[in-house]
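Accompanying notes for the structure given below.
The values are calculated or read from the model by the stated rules, or taken from the named source; none is laboratory data. None of these values were measured; they are calculated from a predicted model. Cβ: placed from backbone, ideal geometry, glycine included. Neighbour counts: every protein chain shown. What goes into the accessible areas is simple: the full protein's heavy atoms, side chains included, and nothing from ligands, DNA or RNA. Shrake-Rupley method; radii C 1.70, N 1.55, O 1.52, S 1.80 Å.
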Amino acid sequence: MLTFFKPWRTGKDLKEKKETWDSAFLDYQFSAQQKFLMDNFELRFECLDSRDDYHAQRKAQSLGIDPSKLEPDFDDGIHFGPFKCSDDSLGVRERRRQLDMQEMTDLLANTGWTNAKCDLKSHIPASFDYPSMSPAAWRLEIAKMKSNVITNKLKENKDQQYNFPNKYPDQVEVLDQHMLEEKLRSNQTQKLIDDLCLEFSLNLEQERAFRIVANHAVSSISDQLKMYIGGMAGTGKSQVLKTLREFFKRRLQSQRMIVVAPTGTAAALLQGSTYHSVFGINSSEEGEFWKMSASQICSRLSGVDYVFLDEVSMLSCKDMYKISAKIASALNRPLLPFGGMNMIFAGDFAQLPPAMGGENVSLYSHTIGTSSSDQHASIGKYLWHQINTVVLLRKNCRQTGSSIRDVKFRQALENMRYKQCTAEDITLLRSLISDPSNESRSIDNPRFRNTSIILTYNKHKDVANELGTKRFAAETGQMLADFFSEDEEVVFDELPSKTHDRKRKRRKATKHKINDEVQQQLWKQSPSTNNMQIPATLSLCKGLPVMIRFNGATELCITKGQEGTVHGWQAGKGRHGQLVLKVLYVKLEKPSTDVQFKDLPLNVVPITPNTRRINCKLPDDRIIQISRTQVEVLPNFAMTDFASQGKTRDPNVVDIYNSRDFRAIYTALSRSSSADGTIILQGFNVNHITGGVKDKGGYRQELRELEILNDITKLRENRKLPPSIIGDLRGSLIQQYRSHFGKSHTPDELHESLV
Ligand SMILES: Nc1ncnc2c1ncn2[C@@H]1O[C@H](COP(=O)(O)OP(=O)(O)OP(=O)(O)O)[C@@H](O)[C@H]1O
């Protein structure tokens, strides 16, 4: 403070040789203004603490916790002191959570869903002699197999690679005989494109989307492709992807296209990877923490010309920026959007927005770009507006039934996208609600009772999983084995009361054994009480349906969202003498590719425990940070709407009573392929699906603009695009379109609620 406020040229001006700093400080007469400034010196650090609190609140929100009830010291454990916990001090939030869970328990019990009445003994796998390998040895084996798959892929890529003419004009390139044979090849290629359209029975729009990419891929000089394939759920966006994959495969160029998605579940469905793992982007929600250099990403992108990113609605503007920046830095082309890589985005904006931040951070958010606070998000939105080729698919290939109810169901879903359900739609949707008095339309019907339920909150998922597990054990005549987590308390160093350094110090953390009383409390807590949903206690039996909850090795289908059943396990004793899982063997359900581990049956994979640092809620509402070691799987009797996005499910059981808005309801219901294959567990909020999207400015504008871009793309493909409509950006294209066709002109297929 003296150096700041006392005039000085040498140290002696500040204090005499024998004087202490303290006495020099006390002797100096600071002015009132200086004292005021000194009082506020800690302001910055207080702001940083507030920022951390805010982040913690947002995290809590994602856990379904009311942030207004958060204690001010919800941070990272620093204020926490030694753990103490007592049963009789239930916190407000915990009490409410338990009430909510009880409601769901009662609801399921009243429908008869919890009663054991089938004989499922055939679901128990035969006993098997597992190789006696430690978890570490299995981890090594997984790493080895994963690296083999990657090496083989790279080798295949190298063998298949041949030089394509340079895509960038004004650059000289030596062409070989290979290029002279191009004409012959181009005829063969056109035949291949035609054949594939027939083989995959592509409809008109699907074919248009496929041809745009395929022709781009065979053209010797093409601009960077920046494309979006949209359309309502089930219109076959993934089908176009399948056709493209086959196209590249038949041309021995599989390496040219990679497929990525924002979540492990979506990626697993497409046999792709999360974009985090491919581009080395960290994500706490997906539990992915990558340290990848630009050269590593570059080697991953070697030979890749197309990136297909599905479920784009779940991407935030910031995510878009990160993806572009990573690709540009890996390819060393910082001046080009996405580093010049051809990008194909697919998805439906009527489905769920990003999990963290929702609509406000989505690609169509109206608030992004209006403040200077988040430039990355603004750049991300600008990048999204670089997409100038749009194909909107119209024909619903999922709900294809021709019965009157199916036609009505399709219409209701179509109207739901625009929050414009009619009275007739509501009547139809009400007829889908589970009816205990009608055996065929009850959730207790054998057709529906063994299907996992799509719902909104993780706490409700916990209830369904717990009750479903008990029921399954009873129906298979097995005892449940409880496997407990190994937890350690994470204690942070105290921060000095005054920070002299401008730089904020990172607090060191040390791990300590948790006392038995608190450990018992933690083991009773359900998975949704921690931010990564790692179960404290896993109750398992053989054949039990489970879902893998971490991205271990996408190449071996050990991916977050992959479904399977328990095949067997190796157990041991933990620090508290409790039963712990050493290895869980999971039989994969419909894996995207067969996985064969040595000495294990086909598609049985070993899952070993992971150690993660998590925020865990105690019954008295305090949030503590612990380090938990556990096998990351959960029973699969329910899943959240986020996990369901992209799936086709028949039958489809949904609980949309708590859905946040029309997009969540639409996502859950549109998984189904027929009206009769759909059961709604309880009622729904009619206001969520009626009233139109007039108040959803960004969403409405996005849909309108995509329709115009779709029209422009169609005109361009048919060579009917007026020459005045040129450009590379959404804004200018739409402006020229409007000035050519008139401001009030709208594409023919624009939904009436968007007019
Ligand atoms: N041209 C087609 N011919 C026959 N079946 C098709 C066709 N296109 C798609 N399907 C089928 O329709 C269903 C839905 O298709 P798909 O999953 O590709 O839709 P989507 O648009 O990606 O859906 P979502 O938005 O929900 O992810 C799938 O079962 C798929 O096999």
task: Using amide H atoms built 1.01 Å from N in the peptide plane, name the residues 5+ places from S539, or on other chains, whose amide H lies under 5 Å from its own.
output: F483
query: Leaving out ligands, DNA and RNA, what percent of the accessible area of the stretch 532-589 is carbon and sulfur, probe 1.4 Å?
result: 44
Share of Cα-Cα pairs in the stretch 404-493 lying beyond 21 Å, as whole percent: 59
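Here is the link list: K237/K419; K322/K743; K419/K720. Which ones come out longer than 25 Å on Cα distance? Mind showing how you got there, number by number?
Values: K237/K419 22 Å; K322/K743 35 Å; K419/K720 34 Å.
Violating the 25 Å limit, Cα to Cα: K322/K743; K419/K720.
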query: What list of ³J(HN,Hα) couplings, whole Hz, do you get for the stretch 350-360 from phi and the Karplus terms 6.51, -1.76, 1.60, once you set θ to phi - 60° and write x for glycine and proline?
result: 7, 9, 5, x, x, 4, 9, x, x, 4, 5
task: Pop out the ³J(HN,Hα) list for the stretch 261-267 in order, Karplus 6.51 cos²θ - 1.76 cosθ + 1.60 with θ = phi - 60°, rounded to Hz; leave Gly and Pro as x.
output: 8, x, 10, x, 4, 5, 5
- request: Would you pull out the residues with amide H under 5 Å of R649's amide H, same chain only if 5 or more places away, H placed 1.01 Å from N?
  value: S672, S673
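Given Cα pairs under 8 Å that are at least 6 residues apart, what percent is the relative contact order of the stretch 697-754? All intermediate terms of the calculation are to be shown ahead of the outcome.
Numbers: 31 pairs, mean separation 24.2, N = 58.
So the answer I get is 42 percent.
In whole percent, and with a 1.4 Å probe on the protein chains, what portion of the accessible area of the stretch 264-374 is carbon and sulfur?
Values: 1970 of 3890 Å².
Carbon and sulfur together cover 50 percent of it.
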field: Nonlocal amide H pairs with I656, under 5 Å, H built at 1.01 Å
entry: L681, Q682
message: Using alpha carbons only, how many angstrom separate the centre of the stretch 585-614 from the centre of the stretch 99-113?
response: 33
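Going through the DSSP H helices of the chain, which span 18 Å or more along their own axis at the Cα atoms while scoring at least -1.0 as a mean Kyte-Doolittle hydropathy? It would help to have the intermediate numbers written out before the result.
Numbers: long enough: 43-62 (28 Å, -1.40); 92-111 (29 Å, -1.14); 135-160 (37 Å, -0.94); 182-199 (24 Å, -0.89); 204-218 (21 Å, -0.09); 237-250 (20 Å, -0.84); 317-331 (21 Å, 0.30); 404-417 (20 Å, -0.89); 458-476 (26 Å, -1.18); 697-717 (30 Å, -0.98).
TM-like helix candidates: 135-160, 182-199, 204-218, 237-250, 317-331, 404-417, 697-717.
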- prompt: What's log10 of I(q)/I(0) for the stretch 697-754 at q = 0.18, 0.30 Å⁻¹, Debye sum over Cα points only, no solvent?
  reply: -0.58, -1.45
task: Let me know the Rg and Dmax you get for the stretch 195-343 when you use only its Cα atoms, in Å.
output: 15.2, 44
Karplus (6.51, -1.76, 1.60) ³J(HN,Hα), θ = phi - 60°, over the stretch 645-656, in Hz, Gly and Pro reported as x: 4, x, 7, 10, 10, 9, x, 10, 10, 10, 10, 9
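On the protein heavy atoms, probe 1.4 angstrom, tell me the percent of accessible surface of the stretch 396-474 carried by carbon and sulfur. Walk me through the numbers on the way to the answer.
Working: 1630 of 3190 Å².
The nonpolar share, carbon plus sulfur, comes to 51 percent.
Over the chain, calculate the relative contact order: mean separation of alpha carbon pairs under 8 Å at least 6 apart, over the residue count, as a percent.
Values: 1263 pairs, mean separation 124.8, N = 755.
Relative CO of the chain lands at 17 percent.
Using a 1.4 Å probe, what is the accessible area per residue for the chain, in Å²?
Spelled out: the 1.4 Å probe surface of the chain, per residue, equals 47 Å².
Is the stretch 604-755 rounded, prolate or oblate when judged by the Cα gyration tensor, a ≥ b ≥ c being the square roots of its eigenvalues, rounded requiring a/c under 1.5 and prolate requiring a/b larger than b/c? Could the numbers behind the result be given before it?
Values: a/c = 2.39, a/b = 1.99, b/c = 1.20.
In terms of gyration-tensor shape, prolate.
Using the alpha carbons of the chain, what is the convex hull volume per residue in cubic angstrom, as a whole number?
Numbers: hull volume 173.3 nm³, N = 755.
Cα-based convex hull of the chain, divided per residue, equals 230 Å³.
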statement: The distance between the Cα centres of the stretch 396-465 and the stretch 118-145, in whole Å, is 37
message: Test of the criteria: in the stretch 91-123, which trypsin sites (Lys or Arg not before Pro) are in a DSSP loop and have at most 12 other Cβ atoms within 10 angstrom of their Cβ?
response: K117
- line: Rounded to whole Å, √(5λ) for the Cα gyration tensor eigenvalues of the stretch 649-715, largest first, gives 29, 18, 8
